[in-house]
Amino acid sequence: MNQTTPPQNLALPVGVTLDRYIIRKQSAFPFATGELSQLLRDIALAGKIINREINRAGLIDVVGGFGAQNVQGENQQKLDVIANIRFIRALKNGGEVCALISEEDEEIIFTGNDHGKYVVAMDPLDGSSNIDVNVSIGTIFSIYRRITPTGTRATLDDFMQGGRKQVAAGYILYGSSTMLVYTTGHGVSGFTYDHSLGEFFLSHAELTSPDNGTIYSCNDGNFNQYPETVRDYLATCRERGYTGRYIGSLVADFHRNLIKGGMYLYPPIPKAPSGKLRLLYECYPLAFIAEQAGGSACDGYRSILDIEPTHLHQRTPLYIGAKGMVEELLSRF
Ligand code: AHM
Ligand code: MG
């Protein structure tokens, strides 16, 4: 190799820390005051803390049911509660967020920072049924600039702006490695956590979804209850010899499909007639990322981002992933 020419990958930003990357990209943010940058860094910090708790989950008595139920009537795991507390604390301390909503809390949580310009919708620990079996789980977040005047108390309207008004969205995947993936509407970037250094490093400078794929991800146990259109589509997938992969952690299933090419499906079923997943803090943020990566997300009729929100914990059917797969399914409805 020519000694004076650096290897090509050294010329790329891959390997830069998340903090440095966010600061460098700040000028591309819609409101480049530095507050959104700080907010993203606060979320990353909370993610590191949760990552530590998850890694210790087998060692200390944090695994298992907490006894309480969340607003959807599901048993909360202890780590759900811990993750919720960690995120709320990080966002309160940060000062950029005036209010947030969480899957774990029925009502809006006010941070006390009425001068904060942003509101956040989050699922602090998704895929919680996988916690106590050491399977990948994730955090999902969505950020809006508030529409109510700063200095006043945030209201429901700040959260009801619709998916297209998100200024940033992302997820943290606690998997075989921990990754933070986010978008501010200028493509999708992925960062991998280095435990020994305590830093997220840019590992996926520009995440793009393959145009098409051969992986379908859904709960096969619900197959007979799916709408006929979905059953027909899945039958076609099987005839074509596609691969079925389902972890049961939305972030992990979405992430795999984003890298490899596939579609995640959670159709309406009798026990969840509007679908299971929540629009504001599960579907909107992942749909924003999917579209930014060149993929697609719909509820069977329209883009997820075009669904009008009506309440904080609203649910929707979700079909998300490679554009070609989502479009083929959509064409059958
Ligand atoms: P949760 O928010 O209670 O963890 O539920 C969401 C999860 C998703 O991560 C996952 O894809 C889905 O629920 C699995 O549901 P099911 O067990 O019905 O297949
Ligand atoms: Mg969830």
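The values are calculated or read from the model by the stated rules, or taken from the named source; none is laboratory data. This one's a predicted model, so the numbers in the text were calculated from it and none came from an experiment. For neighbour counting, all protein chains shown are included, and Cβ atoms are generated from backbone atoms with ideal geometry for every residue, glycine included.
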**OP:** Quick one: Val230 ticks every box in (1) over 25 Å from Val97 (Cα atoms); (2) at pLDDT 95 or above; (3) away from ligand 1 (no atom under 16 Å from the Cβ) except a single one, so which number is it?
**Re:** (3)
**OP:** Output the residues belonging to region 102-156 that are more than 16 Å from ligand 1 (Cβ to nearest atom), in contact with a helix residue (DSSP H, G or I) (Cβ under 8 Å, 6 or more places away or on another chain) and of a type in the set (Val, Ile, Thr).
**Re:** Ile108, Ile109, Thr111, Val119, Val120, Ile143, Ile147, Thr148
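Does region 109-130 hold any residues that are among the aliphatic types (A, V, I, L, M), within 12 Å of ligand 2 (Cβ to nearest atom) and surrounded by fewer than 23 Cβ atoms within 10 Å (Cβ to Cβ), and which are they?
Let us first name the residues in region 109-130 that are among the aliphatic types (A, V, I, L, M), namely 109, 119-122, 125.
Checking which are within 12 Å of ligand 2 (Cβ to nearest atom) leaves us with 121-122, 125.
Listed by number, the list is empty, since nothing qualifies.
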**OP:** Tell me which residues, restricted to region 259-286, are within 16 Å of ligand 2 (Cβ to nearest atom) and either in contact with a Gly (Cβ under 6 Å, 6 or more places away or on another chain) or in a loop (DSSP other than H, G, I, E, B) (or both).
**Re:** Tyr264, Tyr266, Ser274, Gly275, Lys276, Tyr284
Original post:
Does Asp253 meet the test of being surrounded by 22 or more Cβ atoms within 10 Å (Cβ to Cβ) and free of Cβ contacts under 8 Å to residues at least 40 places away in the same chain?
Top reply: yes
Subject >> Single condition Tyr174 does not satisfy, out of (1) closer than 15 Å to Asp42 by Cα; (2) within 16 Å of ligand 2 (Cβ to nearest atom); (3) not small (Gly, Ala, Ser) >> reply: (1)
**OP:** Go through region 294-305 and give me each residue that's outside any strand (DSSP E or B) and buried (at least 22 other Cβ atoms within 10 Å of the Cβ).
**Re:** Gly295, Asp299, Ile304
Original post:
With respect to the numbered conditions (1) within 19 Å of the chain's Cα centre (by Cα); (2) small (Gly, Ala, Ser); (3) closer than 16 Å to Cys298 by Cβ, which one is the sole condition not fulfilled by Ser274?
Top reply: (1)
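For region 136-153, does any single residue satisfy the condition of being aliphatic (A, V, I, L, M), within 18 Å of Leu79 (Cβ to Cβ) and surrounded by 21 or more Cβ atoms within 10 Å (Cβ to Cβ)?
First, the residues of region 136-153 that are aliphatic (A, V, I, L, M): 137, 140, 143, 147.
Those still in the list that are within 18 Å of Leu79 (Cβ to Cβ) too: 137, 140.
Checking which are surrounded by 21 or more Cβ atoms within 10 Å (Cβ to Cβ) leaves us with 137, 140.
Yes, that holds for at least one residue.
Leu258 - would you say it is touching a strand residue (DSSP E or B) at 6+ places or on another chain (Cβ under 9 Å), within 16 Å of ligand 1 (Cβ to nearest atom) and in contact (Cβ under 8 Å) with a residue 24 or more places away in the chain? If you could, list the steps in order and put the result at the bottom.
Details: touching a strand residue (DSSP E or B) at 6+ places or on another chain (Cβ under 9 Å): yes; within 16 Å of ligand 1 (Cβ to nearest atom): yes; in contact (Cβ under 8 Å) with a residue 24 or more places away in the chain: yes.
Judged against the criteria, Leu258 is a match.
Of the residues Gly185, Gly170, Gly162, Gly198, which single one is exposed (fewer than 14 other Cβ atoms within 10 Å of the Cβ) and closer than 29 Å to Thr111 by Cα?
On the way: Gly185 fails: exposed (fewer than 14 other Cβ atoms within 10 Å of the Cβ); Gly170 fails: exposed (fewer than 14 other Cβ atoms within 10 Å of the Cβ); Gly162 fails: exposed (fewer than 14 other Cβ atoms within 10 Å of the Cβ).
Unique residue meeting the criteria: Gly198.
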